[in-house]
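The values are calculated or read from the model by the stated rules, or taken from the named source; none is laboratory data. All values reported here derive from a predicted model rather than from experimental measurement. Neighbour counts are summed over all protein chains in view; Cβ atoms, including those assigned to glycine, are modelled from backbone coordinates with ideal geometry.
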There are 2 protein chains.
Amino acid sequence: MQESNQNQAPKRTDVNSLGEFGLIEHLTKHSKLRHASSFKGIGDDAAVLDYGGKPIVVSTDILAEGIHFDLMYSPLKHLGYKSVVVNVSDIYAMNAIPKQITVSLAISNRFSVEALEELYAGIEAACNFYNVDLVGGDTTSSNKGLFISITAIGEGNKDTLAYRSGAKEGDILCVTGDLGAAYLGLQILEREKQIYLSNPGVQPDLGTNDYVIGRQLKPEARKDMIETFIPKADFVPTSMIDISDGLASELFHICQQSSVGAILNEGGVPIRTDVQQIAIDFKLDPITCALSGGEDYELLFTVNPEDLDKVRYMPDIYICGEMVNAKDGVKLHTKGGNIHPLKAQGWVHFGNQ
Amino acid sequence: MQESNQNQAPKRTDVNSLGEFGLIEHLTKHSKLRHASSFKGIGDDAAVLDYGGKPIVVSTDILAEGIHFDLMYSPLKHLGYKSVVVNVSDIYAMNAIPKQITVSLAISNRFSVEALEELYAGIEAACNFYNVDLVGGDTTSSNKGLFISITAIGEGNKDTLAYRSGAKEGDILCVTGDLGAAYLGLQILEREKQIYLSNPGVQPDLGTNDYVIGRQLKPEARKDMIETFIPKADFVPTSMIDISDGLASELFHICQQSSVGAILNEGGVPIRTDVQQIAIDFKLDPITCALSGGEDYELLFTVNPEDLDKVRYMPDIYICGEMVNAKDGVKLHTKGGNIHPLKAQGWVHFGNQ
């Protein structure tokens with residue numbers, strides 16, 4: 001009877017040394033696809049399966065208490081809603097329509113049936129809004145903490161699926177909505193949590209920060225873009241990804257998988273004025289919040305320059321750069337006119353440990 | 001800033017009061033299916049999706065450290081293998097063929113890259129044996145413990161899918177393989193763990209219990225039955241379920257969802273002689289281990305009596321009862337000739353808390 005780790009070779013590499021993406025890549029490098037039905041495997045926002053009908057898009061995410069959410073300030077209903085949103089966002093990022101989800105929970109016994117009803121009320125609300133069916137799941141106990149694992153399944157069309165790998169030199173880089181707010185919402189919630197912990201009598205001062213707090217606690221995925229605006233404008237993004245880890249990190253994914261470089265124009269990155277002000281109040285650079293904050297669940301995509309006129313006047317879409325030759329790297333063109341290499345600095349969950 | 005649970009109504013119902021199945025049913029009772037592609041939702045071994053090609057079968061399971069496995073005696077490679085097995089078993093239980101899996105992990109920082117390589121080596125070995133592709137996943141950190149959430153996707157045929165709900169009065173009840181061994185393997189591992197904990201110098205005495213320990217640590221799903229023997233015998237089970245929670249509990253699922261009763265013949269329940277002896281050594285009734293032990297991952301199914309000759313002489317399939325009218329309930333016909341009501345007593349994870 002021995003601790004299984006003692007069976008290993010003495011070498012012990014810390015998972016932090018690889019980072020999340022490096023770790024997945026390292027662990028799955030021997031993995032090969034055997035079936036024709038496995039059209040696209042690991043490495044995009046979702047896998048693509050071909051079972052003879054429409055292409056099926058599958059994505060999965062696991063959310064862990066204390067890592068992805070803090071029940072001190074995340075109401076369970078919002079948390080249920082957000083868990084669905086982060087998953088359907090991956091389906092939209094393939095230019096596909098989410099149709100089903102499965103939900104697996106591991107819950108410690110501090111959760112009552114009533115608490116779980118709240119969580120499921122949020123899941124149901126998101127299912128209603130995003131028009132997806134809850135078709136399965138599993139519920140078990142955990143010794144400590146709440147874990148929510150959701151798999152989302154969606155429907156695509158062969159001709160309109162958007163991968164991370166399709167960007168070409170000369171393509172225009174676009175982003176939806178506005179960035180940085182979810183990260184700043186988290187900063188405010190964390191600040192108020194610390195104040196509360198040191199003096200539980202104090203009521204939280206969330207001020208006039210409803211927008212950024214809402215973006216953190218109850219984000220939305222861009223259903224409107226994928227189901228309405230982009231089809232109506234009649235173009236197909238050459239590549240697409242959702243912004244869960246920050247604009248910079250996502251842009252690197254597109255560049256790496258498309259074998260291109262990019263010039264990102266700081267002036268084209270959409271950040272609301274009130275959000276910029278909150279960043280400054282926190283002594284943070286607004287563009288850093290947009291580049292590295294994450295959790296905005298907006299879409300970053302590229303379009304063929306021939307489609308430029310189709311996107312130029314679309315509501316809530318912003319042109320923020322251009323794809324260039326891979327040898328030119330990934331660069332930020334600042335408002336001050338400087339051009340310097342962009343750094344990818346998304347959420348490093350393992351680094352938090 | 002308040003603890004979210006404090007926002008709830010004062011009522012606090014313990015999740016134990018509903019049990020795992022009652023809890024899922026309670027939480028998802030408002031859930032409705034909107035899409036034609038959601039052919040079959042919650043309530044079977046897997047959901048069935050119809051995207052215009054072959055029916056797609058989807059199942060998901062989450063395994064939690066300290067609940068489903070103990071790393072004191074589960075080597076990580078075996079654990080990875082078993083996590084895949086429990087999922088593909090659900091696909092087989094639909095009379096479908098598993099094709100893809102996604103794997104989501106939440107891991108605490110006590111796991112090294114080398115430890116995760118072991119886990120993935122087991123996952124890969126199972127992918128090879130069961131001929132499934134690893135097409136996606138997510139890896140994150142957890143504050144405590146290891147959680148493995150796997151979604152399996154398979155391919156069925158409209159005419160041959162087997163649901164829990166198709167059993168008819170007069171159908172013959174059959175079971176594959178042998179039962180009770182995985183539960184007894186667990187008892188031995190737990191006994192040796194306790195001895196080790198009270199005296200770490202003692203080496204484990206696993207005796208000649210390789211079979212039952214193997215059934216616990218590295219079970220197999222019945223790929224052979226679904227891919228070879230049943231198609232070759234040319235019949236379709238009228239209902240089917242895999243035995244993860246114990247024969248009794250699974251039989252209740254079939255009876256409830258098919259609106260029938262059952263008479264289970266104790267003499268027809270396959271238990272190996274050596275396994276019976278181990279049960280007796282543990283002062284356990286062998287039939288109780290088979291009925292309530294669980295984790296055997298064998299298949300329990302019903303066949304139309306017209307197909308009886310097709311199954312009667314099949315290897316490793318045992319006729320163990322008959323489906324009767326629902327008003328006659330679910331009964332055990334003992335070897336001693338008594339007939340008494342069967343009790344469902346599967347793994348109650350929440351009860352362990």
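How many residues does segment A:128-145 contain that are within 20 Å of the chain's Cα centre (by Cα) and more than 7 Å from chain B (Cβ to nearest Cβ)?
Qualifying residue count for the region: 3.
Kindly indicate the residue of segment B:188-224 that is among the charged types (D, E, K, R) and in a helix (DSSP H, G or I) and also nearest to B:Gly154 (Cα to Cα) among those meeting that condition.
It comes out as B:Lys223.
Taking A:Thr208 as meeting all but one of (1) polar (S, T, N, Q); (2) away from chain B (no Cβ under 14 Å); (3) crowded, with 21+ Cβ neighbours inside 10 Å, write down the number of the exception.
(3)
Could you go through segment B:130-140 and let me know if any residue there is assigned by TED's automatic domain parsing to the domain that holds B:Gly293, within 17 Å of B:Ser89 (Cα to Cα) and either in contact with a helix residue (DSSP H, G or I) (Cβ under 8 Å, 6 or more places away or on another chain) or in a strand (DSSP E or B) (or both).
Checked segment B:130-140: no residue is assigned by TED's automatic domain parsing to the domain that holds B:Gly293, within 17 Å of B:Ser89 (Cα to Cα) and either in contact with a helix residue (DSSP H, G or I) (Cβ under 8 Å, 6 or more places away or on another chain) or in a strand (DSSP E or B) (or both).
Here is a check on your reading of the model: is B:Ile91 facing another protein chain (nearest Cβ under 7 Å) and touching a residue at least 12 places away in the same chain (Cβ under 8 Å)?
no
Please work out if A:Glu192 is in contact (Cβ under 8 Å) with a residue 60 or more places away in the chain, closer than 30 Å to A:Cys320 by Cα and within 14 Å of chain B (Cβ to nearest Cβ). Even if it seems obvious, please write down each step before you answer.
Working: in contact (Cβ under 8 Å) with a residue 60 or more places away in the chain: yes; closer than 30 Å to A:Cys320 by Cα: no; within 14 Å of chain B (Cβ to nearest Cβ): yes.
No.
For residues that are more than 7 Å from every other protein chain (Cβ to nearest Cβ), free of Cβ contacts under 8 Å to residues at least 40 places away in the same chain and not acidic (Asp, Glu), tally how many sit in segment A:50-67.
Residues in segment A:50-67 being more than 7 Å from every other protein chain (Cβ to nearest Cβ), free of Cβ contacts under 8 Å to residues at least 40 places away in the same chain and not acidic (Asp, Glu): 0 in total.
Looking only at segment B:239-260, decide whether some residue is outside the structural domain of B:Asp61 (by TED's automatic domain parsing), touching a residue at least 12 places away in the same chain (Cβ under 8 Å), part of a loop (DSSP other than H, G, I, E, B) and farther than 19 Å from B:Ala93 by Cβ.
Checked against the condition, which is being outside the structural domain of B:Asp61 (by TED's automatic domain parsing), touching a residue at least 12 places away in the same chain (Cβ under 8 Å), part of a loop (DSSP other than H, G, I, E, B) and farther than 19 Å from B:Ala93 by Cβ, segment B:239-260 yields at least one hit.
So A:Val84 clears everything in (1) touching a strand residue (DSSP E or B) at 6+ places or on another chain (Cβ under 7 Å); (2) of a type in the set (A, V, I, L, M); (3) facing chain B (nearest Cβ under 9 Å) except one condition, right? Which one?
Checking A:Val84 against (1) touching a strand residue (DSSP E or B) at 6+ places or on another chain (Cβ under 7 Å); (2) of a type in the set (A, V, I, L, M); (3) facing chain B (nearest Cβ under 9 Å), the one that fails is (3).
Determine the pairs where a residue that is at negative phi, located within segment B:149-160, has a partner that is among the basic types (Lys, Arg) with Cβ atoms under 7 Å apart, the partner being 6 or more residues away or on another chain.
B:Ile153/B:Lys99; B:Gly154/B:Lys99; B:Glu155/B:Lys54; B:Glu155/B:Lys99; B:Gly156/B:Lys54; B:Asn157/B:Lys54
With the checklist (1) within 7 Å of chain B (Cβ to nearest Cβ); (2) touching a strand residue (DSSP E or B) at 6+ places or on another chain (Cβ under 9 Å) in hand, flag the one item A:Met72 doesn't pass.
It is condition (2) that A:Met72 fails.
So is A:Ile230 more than 14 Å from chain B (Cβ to nearest Cβ), touching a strand residue (DSSP E or B) at 6+ places or on another chain (Cβ under 7 Å) and modelled with pLDDT of 95 or more or not?
Spelling it out, it is not the case that A:Ile230 is more than 14 Å from chain B (Cβ to nearest Cβ), touching a strand residue (DSSP E or B) at 6+ places or on another chain (Cβ under 7 Å) and modelled with pLDDT of 95 or more.
Would you say A:Glu227 is of a type in the set (Asp, Glu), surrounded by 21 or more Cβ atoms within 10 Å (Cβ to Cβ), in a helix (DSSP H, G or I) and not assigned by TED's automatic domain parsing to the domain that holds A:Ile91?
no
Per-residue answers, yes or no, for (1) under 19 Å from B:Val48 (Cα atoms); (2) modelled with pLDDT of 95 or more; (3) assigned to a helix (DSSP H, G or I):
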| site | (1), (2), (3) |
| --- | --- |
| B:Glu114 | no, no, yes |
| B:Ala121 | no, yes, yes |
| B:Cys127 | no, yes, yes |
| B:Asn143 | no, no, no |
| B:Ala162 | yes, yes, no |
| B:Ala167 | yes, yes, no |
| B:Leu179 | no, yes, no |
| B:Ala182 | no, yes, yes |
| B:Leu186 | no, yes, yes |
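Specify the residue that is nearest to the other protein chains (Cβ to nearest Cβ); the eligible residues are those in segment A:106-127 that are closer than 19 Å to B:Phe147 by Cα and of a type in the set (Gly, Ala, Ser).
A:Ala106
For segment B:114-127, how many residues are within 21 Å of the chain's Cα centre (by Cα) and not β-branched (Val, Ile, Thr)?
6
Consider segment A:22-42. How many of its residues are touching a residue at least 60 places away in the same chain (Cβ under 8 Å) and either within 7 Å of chain B (Cβ to nearest Cβ) or not basic (Lys, Arg) (or both)?
Residues of segment A:22-42 touching a residue at least 60 places away in the same chain (Cβ under 8 Å): A:23, A:40.
If we keep only those that are either within 7 Å of chain B (Cβ to nearest Cβ) or not basic (Lys, Arg) (or both) as well, we get A:23.
Residues that pass the stated criteria total 1.
Restricting segment A:9-21 to residues that are at the interface with chain B (Cβ under 7 Å from one of its Cβ atoms) and not in a loop (DSSP other than H, G, I, E, B), which is modelled with the highest pLDDT?
As a first pass, look at segment A:9-21 and keep what is at the interface with chain B (Cβ under 7 Å from one of its Cβ atoms): A:9, A:11-15, A:18, A:20.
Among the residues that remain, those that are also not in a loop (DSSP other than H, G, I, E, B) are: A:14-15, A:20.
On the way: A:Asp14: 88, A:Val15: 84, A:Glu20: 75.
Going through the qualifying residues, I end up with A:Asp14.
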